[in-house]
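**Q** To start, I am sharing the structure in question, which I have written as structure tokens.
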There are 6 protein chains.
Amino acid sequence: MFISQVDEDVALALVQPSFAKSYFSIVKRERDYLAEWLAWPPHADGEAFFSAFIESSLKGYAEGKSMTCAMLYKGEVVGNVSFNVISQSLKKVVIGYWLSKDFQGKGIASRCVTTLTDIAFNQLKLTKIEIAVATGNTPSRRLCERLGFSLEGVITQAENLNGRIVDHAIYGLTKPR
Amino acid sequence: MFISQVDEDVALALVQPSFAKSYFSIVKRERDYLAEWLAWPPHADGEAFFSAFIESSLKGYAEGKSMTCAMLYKGEVVGNVSFNVISQSLKKVVIGYWLSKDFQGKGIASRCVTTLTDIAFNQLKLTKIEIAVATGNTPSRRLCERLGFSLEGVITQAENLNGRIVDHAIYGLTKPR
Amino acid sequence: MFISQVDEDVALALVQPSFAKSYFSIVKRERDYLAEWLAWPPHADGEAFFSAFIESSLKGYAEGKSMTCAMLYKGEVVGNVSFNVISQSLKKVVIGYWLSKDFQGKGIASRCVTTLTDIAFNQLKLTKIEIAVATGNTPSRRLCERLGFSLEGVITQAENLNGRIVDHAIYGLTKPR
Amino acid sequence: MFISQVDEDVALALVQPSFAKSYFSIVKRERDYLAEWLAWPPHADGEAFFSAFIESSLKGYAEGKSMTCAMLYKGEVVGNVSFNVISQSLKKVVIGYWLSKDFQGKGIASRCVTTLTDIAFNQLKLTKIEIAVATGNTPSRRLCERLGFSLEGVITQAENLNGRIVDHAIYGLTKPR
Amino acid sequence: MFISQVDEDVALALVQPSFAKSYFSIVKRERDYLAEWLAWPPHADGEAFFSAFIESSLKGYAEGKSMTCAMLYKGEVVGNVSFNVISQSLKKVVIGYWLSKDFQGKGIASRCVTTLTDIAFNQLKLTKIEIAVATGNTPSRRLCERLGFSLEGVITQAENLNGRIVDHAIYGLTKPR
Amino acid sequence: MFISQVDEDVALALVQPSFAKSYFSIVKRERDYLAEWLAWPPHADGEAFFSAFIESSLKGYAEGKSMTCAMLYKGEVVGNVSFNVISQSLKKVVIGYWLSKDFQGKGIASRCVTTLTDIAFNQLKLTKIEIAVATGNTPSRRLCERLGFSLEGVITQAENLNGRIVDHAIYGLTKPR
């Protein structure tokens, strides 16, 4: 397992084949919860679904286009956080994440997003972080706001969640000069 | 030439190989003008550039993902207007266009965008039109506003114009019920 | 719909995804009639068959290798007429077509072939039209003869119509100098 | 070297990488002679040209679509003879060949075509042999006629020989019942 | 059939599509016998299995990477012998083979391997022959030893025979200077 | 940077794009030293060489076929160690490595190979480690011997080091039951 430590309890681990088992066990348990704001949970019907996701994520990492990590809490896989897009051309990344219901409220996602922000600004030398949140997803909008992101706009008809077309609140954080 | 008539003077023609010559002749003449808000004019170094563009545009049309048309004024190619994206899943299209400097001020682009809006709403049965305009591109922003589009937001670091990274004003028009 | 008008009643429309429905409705009604001289009708088991055909036809058009049109009569799709091959190297096209039984006898196919001949000679600057007709297909042979094509030969074992191997009468029309 | 013996002096050898050298040495010596009725000699600028030809020919053989042989005379490579097309669907093959000028007049090509005819009819169980000859290529037309092929037609604008567009005489031989 | 004669009774024939039938008829009869030291027999469920094998073998031959032959005894296909690898870079080939149980004890495999050794050393100008034999396959190990190959080592966990992982005895024969 | 700690001073870091710079700076300095037993140093002509290597290594990792790590000493990239092959089917891995001359003699490679051995046996649940060493590479052979690997054989003509064909000593370590 290849790790980037966030703090004593929390770490980011680059996805690896063996995580398919952990991801599937979360989704099996919390499918309805995760499906509220994610499109893929209804389709995640076995470990093979995540094996394919992990393989394709690592290929994106191989090409420098994305970086997909498990969030670890005390060594356990509890969610996923990613640079869904790494754009050298636009000097920005787009971040996405999901976290097991059972590990909400501990600041895990916030700490991971903060670490990724630091990587984007200081290691990758980029200047903007973007997060798109479905307008109705209040907890994620609050997280963006707490971390100092600005609301740049609300783009209508931006994502299809298994038949429900939702609007996206676009949040941005620009590197301080 | 396959045509969709807009009005007596103006028509949309699905791109075809022979248009490469017309496109290149406009760009050769107006490269600096077009490069102000488009990324490709500095790279358009011959008819072959447009032949490749046309081939790839027709493949997008073949797959139902996009539709790229020349704007004709009195039978002459004077610009380009496209569904850059046709998304059945999001029930929306994204429109883009450019028009020769010599043919500005005649309402050609407005009339073509209006026709595409009609095609999107009434033939393709979609419900939203989206146009992204660099924030500094006042004439295009005015066109969106005149046609009744709403400003949904300003997304920072949204396009790289040969080294200059610009923000996008996102305009949307929703089908009236 | 992108149109090239032939005369008041007849037009050529470049194939587009929405035609799959029209094609299938003709074939469902006239499968046996069309299967007499065409290989594909027994395999055309739904609109998806024509969607795939249209996508592949538009890719051929994108590459400048073919051009596939619906024949429209008073705005209705009544058949198909194509440059199956556009050969710049041999300065010729090969034409093929089929027409709904219900619209025979109105000169629709003749008028469309004449328009395509004009496009080949005058727009594409080619010098020969070739049409291959199964030897037993008397109506199509008559059409070629009426339009002034010469019989260049009878090539044996030239096409397999679902198990029946037929000979081809090859007709040619050379551009008058 | 894998061989199919024709008679004491003549054999067919399936093409193999080491033949590139022999083919190129013939073409270097007789380029003008061969270019009279073949399109490729002006482009055969080294052994690599034939290595690519041989690789692609063996792939055609691997797929059962063609079979390309060197003609051997007393163990020496003196030309090429092929099923350019093997069509199970039409129950026919198309034969093509070329022979070094220095080995003309010995009946080598005739004997090889006769052997291929036998293979097509008796091993592959096909029923027609087709040979296309440029109308001006009198020696090849005589060979077809001597071997009992019928002239099925003259197809105009059938081949481009480096800018010269020639007509094809199509010869056919049907398996006797 | 393209042949390389070994002696009066034995010949090598480059694989060709029609051999699929012969291969399958041996395997159907002797599946258990062949499965003792080969991985594929349990999967060879029809002629199509061998058609695919032959196509892929001929593509390897087309690329100069391998050469796969049927062993013929008095004109009948009785087994297979191959350069599984032809490495110009390492100046060596790797040989593999199998022979019908009914034709064991006649020296057929030995004679074919000797012929391939001669082709590798004298036609391909390579300097080493390598054969990997499962350690328990006594008859094949004896053949290598009789032909003067040296045992270079025993590599553990070298091949998976449908679930049984076996070690390989690696035999080598170097070209005498 | 994603890390797997070996001990206080030494760590394995999964390769990532930013390592291209570090790898190239070692190779530029020590090209002759590394070229003694590796084929690639003469071809490593810039950072792009290693960017391509890293991308392809991460794709191998994505597919579960290999795992390529930098060796870090006190946080600095000092060499590379990999599962060149991960074979679930044979339940083994093949390890390869190289280390900067300046960091020899500190046990870094030994400690990393020991960690990979542990990963292979205990995380991946495989049962054999294999290392191939050119026979003349005494330091690497000693490392294998010190770590308890057995010599399984010497395979002749096993690797081409820019024209010099060398033999491989194959070392194996089997998981104790």
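**Q** Which residue fluctuates the most in chain A, going by a Gaussian network model with Cα springs under 10 Å, if the choices are A:G79, A:G46, A:G96?
**A** Among A:G79, A:G46, A:G96, the largest mean-square fluctuation in the Gaussian network model of chain A belongs to A:G46.
**Q** Right, next: Please report, for the Cα atoms of region F:3-174, the Rg to one decimal and the Dmax as a whole number; what are they, in angstrom?
**A** In order Rg, Dmax, the Cα atoms of region F:3-174 give 15.3, 41 Å.
**Q** Here's a follow-up. To the nearest 20 Debye, how big is the dipole of region A:3-174 about its Cα centre, given +1 on the beta carbon of each Lys and Arg and -1 on that of each Asp and Glu? Kindly include the intermediate steps, with their values, before the conclusion.
**A** Numbers: 18 positive and 18 negative charges, 43 e Å.
That gives region A:3-174 a dipole magnitude of about 200 debye.
**Q** Sticking with this one: With the crude spin-label approximation of a point 7 Å out along Cα→Cβ, what separation in nm comes out for A:L161 versus A:K106?
**A** 2.5 nm
**Q** Summarise the accessible area of chain C (1.4 Å probe, protein heavy atoms) by the percent that is carbon and sulfur.
**A** 51 percent
**Q** If the label for F:V85 sits 7 angstrom from Cα along the Cα-to-Cβ line, what are its distances to the same label in every other copy, in nm to one decimal, shortest first?
**A** Those label-point separations list as 0.8, 4.2, 4.5, 4.5, 4.8 nm.
**Q** Give the average over all directions of the projected area of the C-alpha convex hull of the protein assembly as shown, one decimal, in nm².
**A** 50.6 nm²
**Q** Run through the other copies and list how far each one's label point is from that of F:S25, in nm with one decimal, shortest first; the point sits 7 Å from Cα along Cα-Cβ.
**A** 4.2, 5.7, 5.7, 7.0, 7.1
**Q** Past 25 Å, Cα to Cα: identify those pairs from A:K65/B:K65; C:K21/C:K74; B:K74/B:K175; A:K59/F:K65, in the order given.
**A** From the list (A:K65/B:K65; C:K21/C:K74; B:K74/B:K175; A:K59/F:K65), the Cα-Cα distance tops 25 Å for B:K74/B:K175.
**Q** D:Q88 versus C:K65, label points 7 Å from Cα toward the beta carbon: distance in nm?
**A** The answer from the label model is 2.3 nm.
**Q** Take the rotation relating chain F to chain B, measure from its axis to every Cβ in chain F, and name the nearest residue with the distance in whole Å.
**A** Taking Cβ atoms only, the nearest residue and its distance are F:A52, 15.
**Q** I would also like to ask the following. Of the trypsin sites (Lys or Arg not before Pro) in region E:66-132, which ones lie in a loop per DSSP and count no more than 12 other C-beta atoms within 10 Å?
**A** On the way: sites: E:K74, E:K91, E:K92, E:K101, E:K106, E:R111, E:K125, E:K128; in loops: E:K74, E:K91, E:K106, E:K125.
Listed in order of number, the matching sites are E:K74, E:K125.
**Q** Next question. Summing both sides, how much accessible area is buried between F and A? Use a 1.4 Å probe and give Å² to the nearest 100. Show your work: numbers first, answer last.
**A** Details: alone 9300 and 9330 Å², together 17060 Å².
Rounded to the nearest hundred, the buried surface is 1600 Å².
**Q** Distance between the C-alpha centers of region A:1-30 and region E:78-112? Whole Å please.
**A** About 50 Å separates the Cα centre of region A:1-30 from the one of region E:78-112.
**Q** Now a separate question. Looking at region D:123-157, which residues lose a minimum of 20 Å² of accessible area between their chain alone and all protein chains in place, measuring with a 1.4 Å probe and not counting ligands or nucleic acids?
**A** For region D:123-157, once contacts with the other chains are taken into account, D:Q123, D:K128, D:E152, D:V154, D:I155, D:T156, D:Q157 lose 20 Å² or more.
**Q** List the GluC sites (Glu not before Pro) within region F:40-79 that fall in a DSSP loop (any state other than H, G, I, E or B) and whose Cβ has at most 14 other Cβ atoms within 10 Å.
**A** Within region F:40-79, the qualifying GluC sites (Glu not before Pro) (loop, at most 14 other Cβ atoms within 10 Å) are F:E63.
**Q** So for the pair D:K21, A:R177, with labels modelled 7 Å out along Cα→Cβ, what separation do we get in nm?
**A** Placing both labels 7 Å along Cα→Cβ, they lie 7.0 nm apart.
**Q** While we're on this one: On average, how much accessible surface per residue is there in chain C, in Å², for a 1.4 Å probe, leaving out ligands, DNA and RNA?
**A** 44 Å²
**Q** Follow-up question, since we're still on this one. Sort shortest first the distances from B:Q104 to its counterpart in every other copy, using label points 7 Å along the Cα-to-beta-carbon line, and give them in nm.
**A** Taking the point 7 Å beyond Cα along Cα→Cβ, the inter-copy spacings are 5.3, 6.0, 7.0, 7.0, 8.9 nm.
**Q** Return the calculated 222 nm mean residue ellipticity for the protein assembly as shown, to the nearest 500 deg cm²/dmol, obtained by summing -39500 (n - 2.57) across DSSP H runs with n ≥ 4 and dividing by the residue count. Present the calculation step by step, with values, prior to reporting the outcome.
**A** Working: 24 runs with 318 residues, N = 1062.
Helix-only estimate at 222 nm: -9500 deg cm²/dmol.
**Q** If the cut-off is 17 Å between C-alpha atoms, which lysines fall inside it for B:K28, apart from same-chain ones fewer than 8 positions away?
**A** Partners found: B:K101.
**Q** Cut-off 10 angstrom, C-alpha nodes, Gaussian network model of chain E. Which of E:L124, E:L99, E:L116 fluctuates the most?
**A** Maximum fluctuation in the GNM of chain E, among the listed residues, is at E:L124.
The values are calculated or read from the model by the stated rules, or taken from the named source; none is laboratory data. All figures in this text were calculated on a predicted structure; none of them were measured in a lab. Note that we place each Cβ from the backbone using ideal geometry, even for glycine, and neighbour counts take in every protein chain shown. In case anyone asks, the SASA skips ligands and DNA or RNA and just uses the protein heavy atoms, side chains included. Shrake-Rupley method; radii C 1.70, N 1.55, O 1.52, S 1.80 Å.
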